[in-house]
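The structure appears below as C-alpha cells.
The values are calculated or read from the model by the stated rules, or taken from the named source; none is laboratory data. These figures come from a predicted structure and were not determined experimentally. Cβ atoms come from the backbone with ideal geometry, glycine included; neighbour counts cover every protein chain shown. Protein only, heavy atoms only, side chains kept; ligands, DNA and RNA dropped before computing areas. Shrake-Rupley method; radii C 1.70, N 1.55, O 1.52, S 1.80 Å.
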Amino acid sequence: MCDFDLSQALDGPFDYEAVEPESSCSDMTDVEDAIIKLDDGLDLVVSHNPLTMQHMATLLLAVKKMKKSLTRCRQELSDEELCSAIMDSLVEETAVERVENPNTGRKTVTFQRVNSIREYTLCNTSKKDIVCALTELKLHAITLKGGNGDHKVNFKLSRYITNYQRSQIVMLSVSPNLHISCSMKGDTAELTLEECSEKELKLISNDRNMDRFLFYKIEKGIDLNKFESVACSNWYISTSYQEENQAVEMCKVDANTAEPRRDICFKINEKHYSTCH
C-alpha cells in the first residue's frame, strides 16, 4: 500500500523540486528500458517507471509551476502542442554565446561547413507547410490539402561549426544555389531567398556579411525548433499564426517580448541524408 498522501502535495506550496523522485510505491525491478537509435553512436534510452500517485503529484505540481498559458488565441492546443508547451516550461533552452570586439562591436568569426547535409520539410505549430512561390522567389506558409505534399519546400540544412558557438548553426537552402538569408534594412530584419554558389559558402566569415546565410537552430520543447539569425540577433524566422498563404518573415523576439506576435517555432520532418563531397 502506498503511504504517499496526494492531498499533502496539493495543499502545500507548489515546489515540485521538493517532491522526492522515489517512493515506497515504486518497484525498480519493473523498470523497462526502450532504446531509440538517433544517429551513429548516439542512442536515446527511455526508462518506463511504474506510475505512482507520487509521480502524478509531481506532474500536477510541475503544471502548476508553468507560467505560460496552455491556450493560444483562446483556442485549445492539440495534445502535441500541449506536450511541447509543458516541456518548454520545464526544460531550459540551449544558450547561445556571442563574443564581440569592443572596438568594432563584432568579432571576426569564421564558420566552416561540415560534411553533413540533412533534407527536411518545415511546418509551423498550426501545421502550415512552407512552400515557395517561384515567380517571386518568396516563401509562404499554407495548409496543403491531401495530394499536394509535393509542393512543400525540401530544405537542405547544411551544418557549420566555429569556435564561438553553443548551439547548432545551419544554412537553409531551397536549391543548391538558392538560400535563405537575413539582413537588416533600417530597423527591420528582412528575409530573402538569395543566390550564392555552394563553393563560396564552404567557408563563411562575418567580416564580409556572409553570416547573413546562417541561423542558430535552437531546440524548443520536445520536437520544435527555432531559427535565429546569426547576423541579426533576436530576429527569428516566423510565420503567421492563423492567416493562410502569408509570407515567411523575420520576427523580433527579445527578453522584453512576452509572446511573439508571429509563430517562430517549426517542426522539422527529415526527408533523407546525404554526404557532401
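A few comments on the model shown:
- Scanning region 141-180 for residues that are of a type in the set (S, T, N, Q) and open to solvent by less than 20 Å² (accessible area, probe 1.4 Å) turns up 158, 167, 173.
- Exactly one residue among 160, 164 is in a strand (DSSP E or B) and aromatic (Phe, Trp, Tyr), and that residue is 160.
- For first residues located in region 223-244 and free of Cβ contacts under 8 Å to residues at least 60 places away in the same chain and surrounded by fewer than 19 Cβ atoms within 10 Å (Cβ to Cβ), partners that are outside any strand (DSSP E or B) and not hydrophobic (A, V, I, L, M, F, W, C) and lie 6+ apart or on another chain with Cβ distances below 7 Å form the pairs 234/254.
- Per-region count, region 164-203, residues in contact (Cβ under 8 Å) with a residue 12 or more places away in the chain and over 18 Å from residue 227 (Cα atoms): 9
- Within this structure, residue 270 passes the test of being among the charged types (D, E, K, R), in contact (Cβ under 8 Å) with a residue 60 or more places away in the chain and open to solvent by 20 Å² or more (accessible area, probe 1.4 Å).
- Number of positions in region 105-140 that are at pLDDT 90 or above, assigned to a loop (DSSP other than H, G, I, E, B) and open to solvent by less than 70 Å² (accessible area, probe 1.4 Å): 3
- Every condition in (1) open to solvent by less than 60 Å² (accessible area, probe 1.4 Å); (2) within 15 Å of residue 179 (Cβ to Cβ) is met by residue 195 except one, and the failing one is (1).
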